[in-house]
Every structure is written in C-alpha cells, then in structure tokens.
Amino acid sequence: MKRTILLLFLLLAAMPARAQDAFLAALPGLGGGFGAQVEAVGQLGTLGDPRALPILTALSEGRLLRLADGTLLIRDGTRLLNAATGAPVDVAEADTQRVTINNRVRGALRGALGQLQIISPNSAERLAAADAIFRARSAENVPLLDAALARESVPEVRDRIALALAASRLVATNPADKLAGITALGETASPQARSILLEARAANPEVATQIDAAVAAIDQRLAIRRAAETLFQGLSLGSVLLLAALGLAVTFGVMGVINMAHGEFVMLGAYTTVMVQDFARDIPWLQPWSLPIAVPAAFLVTAAIGAAMERGLIRHLYGRPLETLLLTFGVGMMIQQAVRLIFGAQNREVISPPWMQGTLMLPFDIPVTANRLWILCFSLVIFGLILAAIRMTRFGLEMRAVTQRRPIAAAMGIRTGRVDALTFAFGSGIAGIAGVALSQIDNVSPNLGTGYIIDSFLVVVFGGVGSLAGTLIAAFGLGVINKMLEPWAGAVLAKVFVLVAVMAFIQRRPRGLFPQKGRAAEA
Amino acid sequence: MSATTLDTPAPSRIRLGLRAVMGVVVVVLATFPLLNMLPQDSVFHVSDFLVSVSGKWICYAILALSLDLAWGYAGILSLGHGAFFALGGYAMGMHLMRLIGPRGVYGHPVLPDFMVFLGYQQLPWYWLGFDHFAFAMLMVLLVPGMLALVLGWLCFRSRITGVYLSIITQAMTYALMLAFFRNDMGFGGNNGFTDFKELLGMPLNTGAARASLFYASLVSLVGCYLFCLWMTGTKYGRVLTAIRDAENRVRFLGYDTTSHKLFAFVASAMMAGLAGALYVPQVGIINPGEFSPGNSIEAVIWVAVGGRGTLVGAVIGAFSVNGLKTWLTSAAPDLWLFVLGGLFVAVTLFLPKGLVGLLKGRAK
Amino acid sequence: MTETRKITRRAALAGLSTALATPAFRPSFAQAAPIKIGVLHSLSGTMAISETALRDTVLMMVEHQNSKGGLLGRRLEAVVVDPASNWPLFAEKARELLQVHKVDVTFGCWTSVSRKSVLPVFEELNGMLFYPVQYEGEEESRNIFYTGAAPNQQAIPAVEYLMGPDGGEAKRIALLGTDYVYPRTTNRILRGYLNSKGITDADIMEEYTPFGHSDWQGIVARVKRFAGEGKKTAIVSTINGDANVPFYRELGNQGIKAEDIPCVAFSVGEEELAGIDARPLVGHLAAWNYFMSVQSPANTEFKNLWQAYIKNPRRVTNDPMEATYTGFNMWAQAVAKANTTAVDAVRTAVIGEKFAAPSGYTEEMLPNHHLSKPVMIGEIQADGQFNIVYKTPAVVPAENWSQFIPENANRRRG
C-alpha cells in the first residue's frame, strides 16, 4: 500500500517535468517545414499545456517569427516575446522571418487550438473550440470531450460539444461509441455531419445500414432547409433588384425621365461609401460607424448631383422622354470615365463591419449570410421610408400633384420647377443609398452601375410604371423565380428565361402588374 | 408618347439639298478604294486603314438608316436594333466558318475549331445549309426579319408603344446576348467566330477582297437609302408618319396601324441584318458583344446626332460619330468618353433636329 | 439666304472632310527617330479594370528604357489607343497601330477574344504582338509571343498540388468558371487530367456563370452540398475578373474555410484582392508564375520601378504585369541582338532569348513563342498578398497544345 502511494506520488511529481520537456521539445518543430509543423502542432495539442495556446494562436495569425538561430518569437503588438519563456526580447523585427503555414498546418492548428480552448472560461471560445474539434475529429479527443461535456452548462455549447463528441466517436475503434456517434449525428440537419457519416461509411461496412438511415434522416431535414434557403436567396436577389430599381421607380416611374445614368448614381453611392470609410480609417471611434454614416452621405452626394443634372440639363427636355435617354446616356458615360480617372479603374476595397460578416442561423437551422439579411431588411426599410415620404409629406403631395397635372398644380401655387428638381434629386439619392448596400456584395468599380441598369428598368416596367408597390412585388417575384430556376437551368439560362417571361408578360399586360389608372396614365 | 415636334415634310428645296448631300457622300466614298491605289506620297492617297475603317462605317450607316426608318418614320424607338445587326452578322459568320473547312487548327473537315475542342461529334442541325452562300444570305435577311415579325406582331397588337416598347426591345437584345454568351448554344460563346479565310472564293486578307466588300457595302447603302426614300414617299409612308405623330387618330380613321408598323419594323430589321452581314467579313469577328444593349443605344445616338426622320441624317450621324470615335480613341484615349458624352448632351440640348437640322434651320 | 445656305453646306462638307482627313488617318511621314511601341489595352469598358495597369506597365518600361538611353540609339515612343473592351474595335485599333502609326511592336490584349480578334490583322500586316496573360493555349501564331502561362504551367500543377498531401488530398473537384473559352478549355484539360488520375466524372462538378455574375448564393450553396458527400473537396476557379469579388465575399460569408474546401484560382491575383477584405479568405489558393511576394533581386527592382513610376507605394504588382515586363525586356534584348526593329529579324532573334525575370527564375522564349516559366502556388494572406507554399524546382516549358485534348493528336502541324 505504502509503496503504491509512494509510486503515485513520485509519478505526480515527475509529470510536470516530463510535460515541460515535451513542450520544449515540440516547440522547435513549429519553425520547421510543413510536415514538421503538423507534427509539432499535434503534439502541443495533445499535451494540453496552456502555454501552447498563445504560441499556436500566434502561428495561426501569422504573428510567429523566427530568428536565424531558430529561436521562435511572438509579436505582441509592438513587442517581441520569446515563445518558450514569454519574456520580452530585444531584437529588431527586420532580423526575423515570419513563420508561414499552409492549409494542412492550418487544419492541424484548428484541431489543437480546439483541444486547448475547450477548457477556456469563455463560452464563445469553447463554442469555437467544439466546432474546431468537430471538423478536425479524432478518436483521441473522446475523453477530452466527455469531460468537457460533463462540465458544460451553456446549452448551445453543450449541443456543439455533443456533436463534436459524436464525430470523434465515429472514428473511434469502439463499436458502441461508433453507433452512439452515428445516432447523434443523424439527429442533426448539418451537411457536415452528413459528409462525416458518408466518409465513415466505406471504412465501417458493419454499421453501413445505420449510417444510411442517419444520412436519410439528415437528407429529409436538409430538403426542407434547402427550399427555405432557395426562398431566402430569391428574396435576397429581389432585395438587390429592389434597391437598384427604387430610385428609378421615382425618376422614371413618377417623372417619366429615362435616366440611363441611374446605374452611375448607384456607383457614385458606392464610391461615397469608400470615401467615408477611408476618411474614418484614421479615427478609431468613427470606424465602426462608417457604413451607417455612408447612407446619408451617399444620399446627399447623389441627390446633389441629381439636382444639378435636372436643373442644368434634363429640365430642358420635358415632354421629350426618349431624348432624355440620349442625354442621360451621354452624362453616364462622362460620370463613369470621370470616376475612372479620379479613383482609378481598379476595384476599391470596402471593409464589411463584423456584424455584416459570416452566417446567421435562423430558426429551424436555416443558414443565411449576414450581409444579405441586412440588405434585405435595409431594402424594406428604404421602401417604407420612400412610401412614407410620398404619401405623408408635403413634398410627396406636391410631387404627386405635379406629375399628375402640372398646369393645375402650378395654378395652385406649387413651384413646379422646384418640385421637379427635388423629385429627381430624391430618386437619385435613393440610387446612391442603393450603392451603399451594393458595395457590400459587389465590386466597387466604375462599371458597377452598368450591370444593374437593364434589370432596374425591367423591374419598374414589369411592376407597372408609377406604382411603387408594383416595383416591390416585381423585384421580389423576379428574384425568387430566378433562384428557383437556377439549379436546373444554370445561372445564365435562368436569367434568359426570366427576361423572356417578363417580355411575354408585358405583351399580356402592357402597363405592368399594377397599371396606373386615371388620366395620368394617358400621358 | 405625345406627338413629336418634328416638321411636316420639309420644303422640297431642302429635301433635294439633303439628297445632294447623300449623293456627295456616296461619290466621295466611292473614290476611296481608287485613291488608295495612288502612290503613297500623293496628296490624294487614301490609306489602307481609311479604306478598311470606312467600309465598317458604311455598315454602321446602313444600320443607322434602318433605325431611322423605324424610329424616324414609324415612331418605333427600338433599343434592340443591334440584335438584328448581330443576327445578320452571325448568319454570315456561320457561312464564313463553314468555308474554313479543313483549314482550321484541328483540321476537321466539317466542324469549326471551337466545336472540335468543345467535343462536338457532328454539326448541330441549325448549322446545316450554311455552307451555301445563297442560303446564308437568305438567313441574313430571314432570321432578323422573323424575329422582328414575331416581336413586332406581339407588341403592336397589344399596343405597346413608346418607352415600353423601347424597354422590351432592350430586354430582347440583352436576353440574346446572355444566350449567345453560352458556349452550349453552339455559336462559339464569348469568342464568337474569328479567323475567317475566304468569301465567294476570295481570300479575305487581300486588298481586292476589301475593295469588293467596300463596294458591296456602298451599293447596299445606296440601295437601302433609295428603298427608304421610295417607301417614305408613297402613301404608305405618309400613313406611317401619321402613325408616328398620332397613332390613335390614324387608327380611328380606319387604318390598320399594326400591319403598317409591322411592315416598317420587319423591313428595318432586315436592313440591319444585311448591315451586320457586310460588317462581319470586314472586321473579321462576330461575338455576342454585338448584342450588348449599349451598342443599340449607340446606334440610336448616331441617328439622333445626324437628325432623325431625314434618312441622310442617319447616314451622316453614323459617319461623324464613328469617325470621331476612331480618331479620339487614339488621339485622346483617356478623354474621348467625355468628348463623345458631351457631344450627345449638346446635340440633344441644342440640336434637337441633329446635324441635318442645322442645315435645315439655316435654310428657313 | 441663299448665300448663308451655301456657306453652311460648304462648312458641313468641310467639317466632314476634315473629320476624315485628320492626321490620325494618314500615314505619318515622320518615320525618322523614335521606335514606336503600340499599347493595345482597354482603358474604358469592362476590361479597363484589369488592363489599365498593363498600359501603365508598358509606359513605365518605355520611360525606363529611355532613361537608359533608348534602344539602338533611338528613343522609344509609346502609342496608346483605347479599344474600349470592344472586340471589333480591337481589330480596328490593331490595324491603325500597324498601318497608320507603323509601330515596331505592340503590347496588348487581355481576353482571349480580343487576341483572336487582332490575330488575323497581325498576321496579315506582319506585326508583332506580346500577349501577357495566362490563356487556354490551343493557338500558335508567328506574329504573337505569349508571355503568360499555358495550361500546363498553371492549371495542372495547381490541381496536382490540391491532390497531394500538402494541398489536402482532394478527391472531389468543383470546377467553377465564367462561361468563355479559357475556363471551358482549361476545365476540359483538367477533366482529362483528373480522369487519368482516377477521379471519375461523378466526383467532378462543373458550373459556368455569365461575365460579371454577382449573385453566387446558389452556386456556393451547391458546392457546399457537393462537398457534403464524404470526400475531401476542392474548388478550382476560373472565374474571371469582376465576378471574383462577389464570389469570394459569398465564400467567406457562407463560412467555407480553406482548411475544409480550399479554392484555387487562376485569375485572382494581387490586383483583384486589393478590392476585397482578404481576411475571411486566408488559406485559399492561387496558381501563377509570379507573386509579388517572391523574394528575388529582380523582383525588388521591378517593384521599386513600378511603385516609383505610379507614385504610390501601396500599388501592387501581379502576374500579367510581370509577364509584360519580361516580354518587354526580351523584346528589347532581341532588338539589341538583331540590331534592328524589323519584325522578321526580331522574331528570329527573340527565340532562345533568356531573361532573369522577377519570378526569380531565368525564363526563356521557346520556339513555340511561349515562355518557360516556374509554377507557383500561393495562399492568400490577410493583407491581400500571397504566401508561396509551392514552387517548381525549375522552369516548366510551355505546352500550348495540350496532351489532354485528344484532337491534338491529329492536329495539322503549323
């Protein structure tokens, strides 16, 4: 008995020393070739030494440096720290070389970081760790995860750890573990779980039937989800069309000006976003707000240009709608080339704020990308605001009066010229706002607008010129139909079909979905 | 669209004047290939480049003429005339591709190169017959004509006019562009057709072939001009102009406006197709870019710059805008879009009747 | 009245004839001193986004060469034209450069179709064109020198890497491309190659999109589904130009990580990444023959020259720019060697010409008018640069006629 206790004591005393040796022994491998790196990362992950965490994090973030003699350093802000001891080192960064990694190392790092972080006190880190282990699954993680699961109190993290555990069990040798893993994975609606199951199928013929059943169950859930996904994709495309078309619905739909420079206003809105962002770059507290600030800024910039264009050029052409087409085409050419000469022909970088990155999970596990969800909501808000502006404000009233019967409106004391300018500025400003949103999903280049102009006109015409509600329904309708056709017709043909369908539809109802009624329609 | 402010038929002296301008343009052009044969240092020598580029402008002039017939006389502002032009070009291109025969890089006796490396086993059915010149020429006229017939019938019957019609025609050319970009269509996708060898037994890269094509284009231009002149001068032409100015009133008078417009539209599309067919062997390439809506709008601009509803105006517009473009894209590669854009703005604002209007306005 | 009309008519005619007779249309007689360099890159329209940088590269080289005393004691003069991303206009401008401006050599074109459009013109008028962009091969012209990669110098090594241990041993490949000839041909070659490596058609997904495609939601979701079949999947992208930004944004937002589904691209370089926030894309790959991050004295010289010329220390260099630079230098060497700028003499002289390129390798002009080049694979880093994870030990000679296209077996040897 005594001897056993003694032995146990000795063992416990020896362990830290051995672990320390292993930690230090594994470390230099991180600065070696990709193969050596993978090995070292794996060792450090299994050792579970918390000191490895900052080093591996630095490696994955490209902050691990190497001196000529092989010593590893971590760049922490402006300081350089010795990776092994954590002590600051006095070396010029020019004398160091960055340790580079490739995807294989990155994969190993993810697994190792997961192993180290699963005991983190921060629940978000534990969640990320569980996901990382899920992807980097290995049988040796089973005890680690079992322990983590027992400790875990946050339900969401628990679920993820359970999933990671299931995935790790699947690659275990123990048949009972395997079956438990299969059952757990089969209860999800995750394509990754499906992929893992299928991967395991070939290696485990003895559980093939269970795997097939689990995959079938996942497939069923995925089919429903896929339909929801397609619907969302369609709505998202619709929101982009809506944003692009709304300004046109005002300038073309309400005023009858065929503004071929509309796409250029959208582009100017996107460039305003870039400029606001560049301006905010040096002011830290302003930085997160650059996108919200860009919305009014883009509105003002494009509205001002629109007003100038209306007063200077377009007002001379009222009553000759087709001629406005030629004039605005010329103006569009000039705006595009001016932007190209001022900002360069290259794409400009727009940084997405963190809340517009990544994927969000809606109820029923429907994944939606954050930027598109925001843009969808944004387009609806803008639509509501425009509707309110037209229906409820004095300006909206005057605008409707002027477009319906100009002479009578003038007789009532409305300054029609001012209303014209304001209406065109309003429509142009909305185009600018659309540019802010589009800068989050498309290129910011001088050609940005060209891609949207035809679709915008089609949406307005399809919905019925002069009807904002028609524009809304046309945009979402075309978006959803396009996305439903896409999987089996391909992206190009789907678009061709939609165009032909719209052309055919206009034959049946030449004034669109929601034709304007009354005398205004005759103009 | 409300009634336009265009003049009633111009005083005959002016009309004769316009015809004289057209005559001068044609005669000057006709001398180009001849002057090209003069020695290089002669003052009257016309360079090879000017001959080849003006051959191309003549095709544009035919396109502008066809558009003027539809827009200036029948009031149909087509923003898709480039599609008819391109279809004519494609029909000619298919003929030229078939004539390459086994001279392609892969040496296949029948299949064009692009079909060989896309793995086609045999010629698609719609390529059959294009090895015959007469059949190809027929298609040059028929394909654009049929498309115009179908589209026009559907639109005019539903009384789609003005802006709506313009947007529909624009959507048509856009849809065709997307469709032709697809490699699966069997029209060579984005690369389209290039590397033509010969036409009617004539190798295309010789001066003689260029001169022949130049004269063929010029004769076509004159032919189309005379046809338009004749057509707009007849009673039919007067009704057409009346439809342009007040369609409802003409219909109430008992005229079948649909068939009147349809005839003009189809004739116009066929002319555009012919222009495209003459264009392709001269520039040596046809690709879906020709369908791009911007090209069609540009053609409208030529007509507007020259002066719509005058025929000669369309021709002058096509020559002057394209001449300017050719010159400026070399002389001011960074700034030419400003000049051209500014020109369009200035013309719409200050010269609503185009360059020809300048002439007419002074005459009054 | 009559008098005014006459004047107007005369004025109109005079206007027309001056328009036709402006100097640009007549051959210039001042053929004396300068060597003329034609620059045939789109400065407006859809391709301006890529091609303006190449125009600037040629202008930089002309200036640089002049500062070294020109060539053969003559000054170099660039003739810049704008073919406006319009393919027939490319042919017209090529003709103008050769016939009107009588240029000695031309640097130009980006897209395959623009090259196809000018090829007959260069052959007819015996001009000389240096084409600096990677392309699908299947072409050879005595008047064109191809300084970009042929498929065997880019596509195949990249896929080899993906299937190797460092690339993740991909067993399933999604081929995504823009619907035009370069992706079509490249993917056909890759399919042939993959089949020869035992990857069946069931494990290959091929999808094409139109130019400037901006809505990638559906396709990226389908790739995710395709990857969910239990085999390591990789994406091979031949997506062109503008469509890349929305594609990568979607990739990042849908959470496709390079460790799970790496995406290797053949048309995405430093210039394209300058327009994207690269952080979500770290680890995705590109295959080129040059990266700005190459460490070599020649590259340092190239980068310094460029950033000094463009007066912007943050402007990046990329592969087609390096190909332009290399092509220009090879041409200059050949002119010096032939002691003339005559096309036929330079054509003979340039074959076998060697140049220590910024890629860090000595590249050679081969008799098939293509270069021998190294192949490099880079991983995208957060700063928009590439971390080179693989390079061939030596240069790879270009095979413009791919062995994976069966029809090349009975091709007419030109």
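If only the Cβ of Lys and Arg carry +1 and only the Cβ of Asp and Glu carry -1, the dipole of chain A around its Cα centre is close to 1520 debye. Rounded to the nearest 20 debye, the dipole size of chain C about its Cα centre is 1100 debye, using +1 on the Cβ of Lys and Arg and -1 on the Cβ of Asp and Glu.
With the helix formula -39500 (n - 2.57) applied to DSSP H stretches of n ≥ 4, chain A reaches a computed 222 nm mean residue ellipticity of -23000 deg cm²/dmol.
Spin-label pair B:Y255-A:E39: with each label point 7 Å from Cα along the Cα-Cβ axis, the two points sit 9.2 nm from one another.
Across the options C:W288, C:N253, C:A274, the greatest Cα extent toward the positive end of the charge dipole of segment C:249-302 (unit charges at beta carbon of Lys, Arg, Asp, Glu) belongs to C:N253.
Computed over the protein assembly as shown, the P(r) curve from all C-alpha pair distances, binned at 10 Å from the origin, holds 2, 8, 16, 20, 20, 15, 10, 5, 2, 1, 0, 0, 0, 0 percent per bin.
Going by neighbour counts of Cβ atoms within 10 Å, the residues B:L63, A:L362, B:L337 line up, fewest first, as A:L362, B:L337, B:L63. For segment C:107-164, GluC sites (Glu not before Pro) meeting the loop criterion (DSSP other than H, G, I, E, B) and having at most 16 other Cβ atoms within 10 Å: C:E140.
Select from segment C:183-239 those trypsin sites (Lys or Arg not before Pro) which occupy a DSSP coil region and have at most 11 other Cβ atoms within 10 Å, ordered by residue number.
Sparse-neighbourhood loop trypsin sites (Lys or Arg not before Pro): C:K197.
Taking other Cβ atoms within 10 Å as a rough exposure proxy, C:W306, B:W71, A:W355, B:W327 sort from fewest to most as A:W355, B:W327, C:W306, B:W71.
Scoring A:177-190, B:33-46 by mean Cβ neighbours within 10 Å over their residues and listing the highest first yields A:177-190, B:33-46. Each peptide among C:369-375, C:291-297, A:43-49 gets the average number of other Cβ atoms lying within 10 Å of its residues, and from highest to lowest they stand as C:369-375, A:43-49, C:291-297. Taking 7 Å steps out from each Cα toward its Cβ at A:Y318 and A:E140 produces label points 8.0 nm apart. Across segment B:277-284, rounded Karplus estimates of 3J(HN,Hα) from the backbone phi angles (6.51 cos²θ - 1.76 cosθ + 1.60, θ = phi - 60°) give 5, 6, 5, 4, x, 7, 8, x Hz, Gly and Pro being marked x. Local charge for C:S112 was computed over the other residues whose Cβ lies under 15 Å away, with Lys and Arg +1 and Asp and Glu -1, and equals -4. Among the residues of C:165-174, the average count of other protein chain beta-carbon atoms within 10 Å of the residue beta-carbon is 2.
Dividing the mean sequence gap of close Cα pairs (under 8 Å, 6+ apart) by how many residues chain A holds gives a relative contact order of 15 percent.
State, as an integer percentage, the relative contact order of chain B based on alpha-carbon contacts under 8 Å between residues 6 or more apart. Relative contact order, chain B: 31 percent. Close amide-amide hydrogen proximity is noted between C:L40 and C:F107, C:G108, C:C109, each under 5 Å apart and 5 or more residues distant or on a separate chain (H modeled in the peptide plane; Pro and chain starts excluded). Per residue of peptide B:103-110, the mean number of Cβ atoms on other chains within 10 Å of the residue Cβ is 4.
Be a star and scan segment B:47-70 for residues whose amide nitrogen sits under 18 Å from the point 7 Å along the Cα-to-Cβ vector of B:T234. Those under the cut-off are B:66, B:69-70.
Packing, as the average of other Cβ atoms within 10 Å across residues, places the peptides A:421-429, A:276-284 in the order A:421-429, A:276-284, highest first.
Largest first, the extents of the alpha carbon coordinates of chain B on the three principal axes equal 63, 57, 39 Å.
Using the Cβ-Cβ distance between B:Y215 and B:D41 with R0 = 22 Å, the FRET efficiency computed as 1/(1 + (r/R0)^6) comes to roughly 0.30. Annotation for C:A308 and A:A176: the two label points, set 7 Å from Cα along the Cα-Cβ direction, are 7.5 nm apart. Amide H to amide H distances under 5 Å link A:G449 with A:M267, where only residues 5 or more positions off or on other chains count and H is placed in the peptide plane. For the protein assembly as shown, with the dipole built from +1 on Lys and Arg beta-carbon atoms and -1 on Asp and Glu ones, taken about the Cα centre, which of C:T300, C:W110, B:I286 lies farthest toward the positive end? Selected residue: B:I286. Legend: ranking of residues B:K353, B:K235 from fewest to most surrounding C-beta atoms inside 10 Å; resulting order B:K235, B:K353. Mean partner shielding of peptide C:94-105, defined as the number of other chain Cβ atoms within 10 Å of each residue Cβ, is 3. Annotation note: trypsin sites (Lys or Arg not before Pro) in segment B:106-189 located in DSSP loop regions with a Cβ neighbour count of at most 15 within 10 Å are B:R159. Taking every DSSP helix (H) stretch of at least 4 residues in chain B, weighting each as -39,500 (n - 2.57) and dividing the sum by the residue count yields a mean residue ellipticity at 222 nm of -22500 deg cm²/dmol.
Just from its helices, what would the mean residue ellipticity at 222 nm be for chain C, if runs of 4 or more DSSP H residues each count -39500 (n - 2.57) and the sum is divided by every residue, rounded to the nearest 500 deg cm²/dmol? Intermediate values should be presented prior to the final figure.
Numbers: 12 runs with 154 residues, N = 414.
Rounded to the nearest 500, it is -12000 deg cm²/dmol.
Just want the answer: with Cβ charges of +1 for Lys and Arg and -1 for Asp and Glu, which residue in A:A434, A:A475, A:L422 is farthest toward the dipole's positive end in chain A? Comparing the listed Cα positions along the dipole, A:L422 ranks first. Measuring against 30 Å, Cα to Cα, the residue pairs C:K68/C:K116; A:K178/C:K257; B:K56/B:K235; C:K36/C:K354; B:K261/C:K116 contain C:K68/C:K116; B:K56/B:K235; B:K261/C:K116 as the ones spanning a longer distance.
Amide H contacts of C:W401: C:E138, each under 5 Å away and 5 or more positions distant or on a separate chain (H built 1.01 Å from N in the peptide plane; Pro and chain starts excluded).
Taken about its Cα centre, the protein assembly as shown carries a charge dipole of roughly 4100 debye when the Cβ of each Lys and Arg holds +1 and the Cβ of each Asp and Glu holds -1. Here A:A22 and A:S123 are evaluated by their C-beta separation; at R0 = 45 Å the FRET efficiency comes out at 0.90.
The numbers here are math on the coordinates, done by the rules we state, and not lab data. Because the structure is predicted, anything quoted here is derived from the model rather than measured. Positions of Cβ are generated from backbone atoms using ideal geometry, with glycine treated the same way; all protein chains shown enter the neighbour counts.
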